[in-house]
Amino acid sequence: MKKYLTMFLIMLILSGCVEKEILDDVNLITSTGFDLVEEDKIKGSAVINTYIKDQPVNDYVITGESKLSRDILDNMQKKSPDPLVLGKIEIVVFGEQLANKGISDLVDTLQRDAAIGERLLLAVSKGEAQSVLESKFENQGASNFISNLILHNKLNRDLPRTNLHLFLYQFYSKGQDPYLPYIKKNEQTGGVAIDGLALFDDKKVVGSISNDQLLFFKVLADQYTKGVYTLDLPENNNSAGIKSIASSRKLRVISLEPLKVEVKVKIEGYIQEYTGKRITPEVIKEVEQVFEQKMKNEINSLFTYFKELKIDPVGIGDQIRSQSREFTIENWRERIPELTVDIKPDVIISESGVIE
């Protein structure tokens, strides 16, 4: 009994030694942005929320510049009336110019900060990150709006999963390259929207995927999608909206010399909307065949693009290594261009939606 009492007293004393931060006495940073302002200088933008009773959330932005990422927050502190704290940060946005040069040092700084969780969202902005964070977000504030924008499109649409933890895993992996969502500010309306994916080779952006290609990429990268795709049917000049409810992908190594793999992609869904008069079995069959051919063409186009850039955002290298002990991952990037991928699509339309 004395042993447990002693342990309790020690814990009580130690808890009193922990540095406390009263919320009313600090400024909680909810989102940040980083932009390249000179060849060797970075500008950081921190969004701070202010709350007034019965009033919408109000954002204000504090900026700081430095050649070292670790000094940016210190420079921001000099402009803040209260201490800046990163404990509530939800998203970090990297400006396009900075992302094209490289963000590995900044990401390394983020992962070393104990106040930042692994589920922190990351994104690349078209244009300056500060401009995106200063957009019009109605009553939500920048952090809530952009975070919800990414999470909603990840869970219910075609955006693949991304966060700090996944980015770091892909970054340090020798058999996969990272990717992050692109977000773009509409200069006319002031709003912000998803604008495809930024593709990295090692530490910098080298390519991109458009919104129209996201569904096909997510099938490869996530093996599951709830996306919607509009399909043109050439036989009757109608269109069908396909809602995917499940998908899977299986990869099989055919040979290492020459390097060849088979990728089976299966999507099950239903026709959510159809411009024709009636959805018949013949229409469903046509939709399946046209969608299979579309998938094959689009996925082949993606792999051709990846081979040109010598990148592997899908993680083919990791999967080949898991199936073959003879495969050498160290020279995978140099072997990417010689990869042959045989796509085997399978589309099953299980329902025709509520229209029928």
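Any read-out appearing in this document is the output of simple, stated calculations on the displayed coordinates, not a laboratory observation. What you are looking at is a predicted structure, and each value in this text was computed from that prediction instead of being measured. Quick reminder, even Gly has a Cβ in these numbers, built from the backbone with ideal geometry, and neighbours come from all protein chains shown.
Relative contact order of segment 20-209: 20 percent, from C-alpha pairs under 8 Å at least 6 residues apart in sequence. For a paramagnetic label modelled on LYS136 (point 7 Å from Cα along Cα→Cβ), amide N atoms under 20 Å away belong, within segment 185-217, to 185-195. Over the residues of the chain, the helix contribution to mean residue ellipticity at 222 nm works out to -9500 deg cm²/dmol, using -39500 (n - 2.57) for each DSSP H run of at least 4. Along its first, second and third principal axes, ordered by size, segment 213-351 spans 56, 24, 21 Å in Cα coordinates.
Looking at the P(r) of segment 29-126, how many percent of alpha-carbon pairs lie beyond 21 Å? Pairs farther apart than 21 Å: 31 percent. As a rough footprinting exposure proxy, the listed residues ASP202, ASP59, ASP40 were ranked by other beta carbons within 10 Å of their own, and the order from fewest upward is ASP40, ASP202, ASP59. Segment 20-209: percent of C-alpha pairs farther apart than 26 Å? Cα-Cα pairs of segment 20-209 separated by over 26 Å account for 27 percent. Candidate values (i) 1.06; (ii) 1.00; (iii) 1.13 were compared with Rg/Rh (Cα atoms, Kirkwood Rh) computed on the shown model; the agreeing label is (i).
Annotation: the antiparallel percentage among DSSP beta bridges lying fully within the chain is about 65. Assuming a ≥ b ≥ c are the square roots of the Cα gyration tensor eigenvalues, decide whether segment 137-278 counts as rounded (a/c under 1.5), prolate (otherwise, with a/b larger than b/c) or oblate. Because a/c hits 1.5 or more and a/b fails to exceed b/c, segment 137-278 counts as oblate. Sparse packing (at most 13 other Cβ atoms within 10 Å of the Cβ) combined with a DSSP loop state is found for the following chymotrypsin sites (Phe, Trp or Tyr not before Pro) in segment 51-160: TYR51. Checking the cross-link pairs LYS203/LYS310; LYS78/LYS204; LYS101/LYS185 against a 25 Å limit on the alpha carbon distance flags LYS78/LYS204 as lying beyond it.
The modelled label-to-label distance between ARG70 and ASP342, using points 7 Å beyond Cα along the C-beta direction, is 5.3 nm. Annotation for segment 141-246: trypsin sites (Lys or Arg not before Pro) lying in DSSP loop with at most 15 further Cβ atoms inside 10 Å of their Cβ are ARG161, LYS174, LYS204.
Dividing the Cα radius of gyration of segment 235-280 by 2.2 N^0.38 Å, with N the residue count, gives 1.82. Here segment 20-209 is treated with +1 on each Lys and Arg Cβ and -1 on each Asp and Glu Cβ, and its dipole about the Cα centre works out to around 380 debye.
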